[in-house]
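Heads up, the thing below is written out as structure tokens.
FYI, it's all coordinate maths here, none of it is from the lab. Worth saying up front: this structure is predicted, and the values here are computed from it rather than measured. Positions of Cβ are generated from backbone atoms using ideal geometry, with glycine treated the same way; all protein chains shown enter the neighbour counts.
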Amino acid sequence: MDLVALYVDQAGENDLSRGRARRFPSMRIYPTIAEALTLGTNQLAVDGVVLVGEHGNYPRNEKGQTRYPRHEFFEQIVRVFRDSRRSVPVFNDKHLSWNWDWARQMYDQSRELDFPLMAGSSLPVTWRIPSVEMPLGAVIREALCVCYGGVDSYDFHGLETIQCMVERRQGGETGVQWLQAYRGERFWQACQDGVWPRDLMTAALCRSHTLASGRPGFHALPSLEDMRRLVQDPVAYRYRHHDGLFSTMLLMDGLVRDFNFAASIDGRQDPFSTQLYLPMPPARTSLASFFSPLVHHMERMFLTGKPSYPVERTLLTTGLTAAGVESLFRNQARYETPHLAIAYHPRPESTFWRT
């Protein structure tokens with residue numbers, strides 16, 4: 001499989017594209033997306049498209065969302081498809097757009113033109129420690145992820161961590177009714193009041209390989225008081241699915257540097273838990289192969305024309321990411337999400353990477 005054409009919107013000082021183009025003459029950089037897709041002709045001339053609308057300097061809106069141009073790039077791709085009267089599979093890195101209406105439009109256009117579309121995070125397809133899968137058809141009562149990072153960025157990865165697990169529950173995904181965000185002191189009060197299950201939070205934290213110590217030289221689980229000291233800006237998204245499942249995503253930067261999942265399942269006395277493993281800093285600099293599982297599924301779709309997992313997962317997590325931002329913007333009020341009544345069933349086979 002050859003990378004034959006590239007469009008780069010912004011080239012910073014650490015740009016790799018120019019050097020790669022010199023090393024690999026078969027790959028050419030084009031000045032527009034249309035020219036990249038047509039190889040400088042007037043017809044679509046490639047077999048697949050990868051859209052990475054993230055790197056670069058782009059403005060933020062009043063809600064703190066970075067206005068990455070994924071939708072704008074997608075529109076240019078679709079225009080080539082329409083003009084050529086032919087389409088090919090598209091992979092969109094991470095969430096579809098910061099704007100929900102645009103994200104829904106992207107999804108609808110893929111259905112209208114009938115081309116395979118995949119999107120999302122590397123978390124659902126990376127390694128797991130332990131290497132376990134949510135049982136298909138499980139009855140899940142609560143689900144929770146403890147992870148790190150910021151709003152309108154790593155919150156999306158935490159939501160994808162949850163969704164790739166809970167979509168396998170009995171009846172499949174039913175969509176989300178509402179979401180409420182908690183930040184700062186409201187986060188700690190909600191944690192103390194039991195708004196989300198502390199036993200699931202503990203189970204998830206016990207899977208972490210980067211859990212901060214409450215005191216130097218001690219490796220016991222940090223107390224809530226320790227966590228208050230370690231985590232400067234905690235954020236939670238708690239949301240209710242249409243079938244009654246509650247899910248909670250906790251951003252606890254300073255406490256962990258990884259993605260850890262736990263759930264309460266009927267028939268299990270202890271929580272089901274695992275870490276969705278990405279080589280964390282400083283190992284990430286030398287073990288960048290954590291993208292390999294994602295690229296594997298991308299290439300598989302290009303070769304077969306069949307997505308490995310439903311794009312509806314990322315349509316939903318895109319909406320949840322925007323809903324979390326909206327709840328925070330509205331002073332952490334509950335945000336009703338009738339537009340997220342997105343029901344779908346996952347593929348029965350597992351797609352995460354196994355050693």
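Quick notes on this one:
- The orientation-averaged projection of the convex hull spanning the C-alpha atoms of the range 131-284 amounts to 9.2 square nanometres.
- Going through (i) 64, 47, 41; (ii) 62, 44, 43; (iii) 64, 42, 31, the figure that equals Cα extents along the principal axes in Å as computed for the structure here is (ii).
- C-alpha long axis of helix 312-329 to longest principal axis of the chain, angle in °: 60
- Cα-based helix-to-principal-axis angle, 70-84 vs the chain, degrees rounded to 10: 40
- Contact order relative to length of the chain, as percent, for alpha carbon pairs under 8 angstrom and 6 or more apart: 22
- Stretching His209 away from Arg60 to a fully extended chain increases their span by 50.3 nm, per 0.36 nm per residue minus the current alpha-carbon distance.
- Crossing angle, helix 154-166 versus the chain [Cα axis fit, 0-90 degrees, rounded to tens]: 80
- Take every Cα pair under 8 Å whose residues are at least 6 apart in sequence, average their separation, divide by the length of the range 131-284, and the relative contact order is 37 percent.
- For the range 247-355, a/c is less than 1.5, where a ≥ b ≥ c are the root eigenvalues of the C-alpha gyration tensor. That puts it in the rounded class.
- Prolate/oblate/rounded call for the range 5-120, Cα gyration tensor, a/c under 1.5 rounded: oblate
- Our analysis of the range 301-345 gives Rg over Rh at 1.17, with the two radii drawn from alpha carbon positions and Rh computed by the Kirkwood formula.
- Here's the picture: a label point sits 7 Å out from the Cα of Arg111 along the beta-carbon direction, and within the range 309-335 the residues with their amide nitrogen under 19 Å of it are 309-320.
- When only alpha carbons are used to place a centre, the range 199-247 and the range 155-186 end up 16 Å from one another.
- Stretching Ala11 away from Glu185 to a fully extended chain increases their span by 58.6 nm, per 0.36 nm per residue minus the current alpha-carbon distance.
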